[in-house]
Amino acid sequence: MVPMFNWKLLSVMLMFTAMCSYLLSTWYTSRDDLIQGVYVMRKVFSEDIHESTRNAAKLMYNGTTTHFSNNTVTRLVNATKNTDSFERASKLSTDYQAGNSSLSNSMTQTTGEPDCSIAFGNWSNTTRPLVALSSFPGSGNTWTRHLLELASGVYTGAYSYDNDLYLGGFTGETEYYKRGRTLVIKDHRFRDEYKSAILLIRNPYDAVITLYHYHKKKHTGKIPLREFKNNVEWEDFAMEHFKKWINMMAEWISSKKPLLVVHYEDLKHDTVYEVKRMLSFLNMTLTPERLHCLEMDIEGNFHRHKEETFDFDPYTADMHTVIKENIRLANGLLRNINIPSVREPSYDKNIHETDNIRDDI
């Protein structure tokens with residue numbers, strides 16, 4: 001019997017060869033370049049082996065690891081059964097090595113329309129401190145990143161890699177977060193290494209529902225609303241995450257670090273104004289050209305902009321008690337730093353009373 005060819009073993013061997021090639025070729029480069037290469041390769045290996053092989057050329061090109069040779073990319077292309085997805089990535093890699101030093105160089109428009117391309121920042125981590133874009137999950141962090149990238153022309157990064165977001169266009173996902181080339185760093189936790197933060201807050205009634213959709217169906221999928229009714233799994237999930245919502249906010253506010261608080265509800269209501277506030281906090285200005293880019297693609301690919309419409313209350317009496325107490329505590333924290341209170345929920349204003357949820361400042 002003829003043994004089957006082991007594609008997985010070959011993929012591992014070729015990826016190892018690529019890693020060794022990179023390490024040898026960077027002996028004359030900076031320590032940050034070396035760290036970046038290891039960082040990306042670690043991310044590649046964390047994925048399914050065939051999926052990582054199919055995406056390897058794309059990962060290598062996007063301004064993160066520039067020292068891989070074309071021969072290395074070719075070997076990776078040949079290591080997978082499905083090579084079609086590599087064709088554009090290989091071309092981009094060739095273009096890069098021919099002299100294109102950033103994405104914006106190969107994407108500049110000549111039609112008279114504003115150049116809406118996005119690239120890594122040309123500052124270094126010695127001159128630009130780390131700024132977090134921090135939020136409880138389900139609060140619009142990914143959408144906010146989309147808005148900031150369009151408005152600034154600079155990629156945003158992330159503390160934790162998300163392959164779905166990378167494949168959806170968030171190139172900064174592969175960037176080592178301490179390298180200093182991204183505008184802000186997405187993070188769902190407080191970390192003392194950040195010098196400042198944009199703190200994105202969404203009413204927990206809505207945020208936890210969105211998070212449960214993500215828990216079940218990832219970024220843009222939705223579960224049937226009936227799964228929120230008399231569902232012990234949903235109730236346990238929500239009760240656990242209510243605590244995380246208030247704890248994250250309390251850590252950031254008590255840290256005394258420079259903060260810009262942005263309410264998700266305000267961002268939806270007046271997107272351009274809130275984006276201008278965020279850019280100002282980041283010492284940047286929204287130019288007329290970039291405003292046009294923003295207005296052409298406000299929603300992006302990952303924004304769940306359709307509101308839920310429940311014909312029943314997905315929250316039990318005990319859940320309401322916990323949520324309202326957490327909102328009361330949050331409003332106290334916000335009041336101490338002269339920030340407006342948590343906004344009212346929108347998942348269904350006809351189901352429960354909201355008159356007493358907000359505490360006026």
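So which GluC sites (Glu not before Pro) in region 176-233 pass both tests, a DSSP loop state and at most 14 other Cβ atoms within 10 Å of the Cβ? Taking region 176-233 and a limit of 14 other Cβ atoms within 10 Å, the loop GluC sites (Glu not before Pro) found are Glu193. Near the amide H of Thr156, within less than 5 Å, lie the amide hydrogens of Gly172, Leu183, all on another chain or at least 5 residues away, with H placed in the peptide plane.
Summarising the label geometry, the points placed 7 Å from Cα in the beta-carbon direction at Glu295 and Glu233 lie 4.5 nm from one another. Using the Karplus relation 6.51 cos²θ - 1.76 cosθ + 1.60 with θ = phi - 60°, the per-residue 3J(HN,Hα) values for region 147-162 come to 5, 5, 5, 5, 6, 10, x, 10, 5, 9, x, 8, 6, 10, 6, 10 Hz, with x marking Gly and Pro. Scalar couplings 3J(HN,Hα) for region 228-233, obtained by applying the Karplus form with A = 6.51, B = -1.76, C = 1.60 to θ = phi - 60°, are 8, 9, 6, 10, 5, 4 Hz; x denotes Gly and Pro.
Residues whose amide H falls under 5 Å from that of Ile201, counting only those 5 or more places apart or on a different chain, are Val262, His263, Tyr264, with hydrogens built in the peptide plane.
Of the trypsin sites (Lys or Arg not before Pro) found in region 190-296, those in coil by DSSP whose Cβ has at most 12 other Cβ atoms within 10 Å are Lys195, Lys218, Lys256.
All of the numbers you see were taken from the coordinates with simple rules; none came from a lab. Keep in mind the model is a prediction, meaning the values are calculated, not measured. Ideal geometry is used to build each Cβ from the backbone, glycine not excepted, and the neighbour counts take in all protein chains shown.
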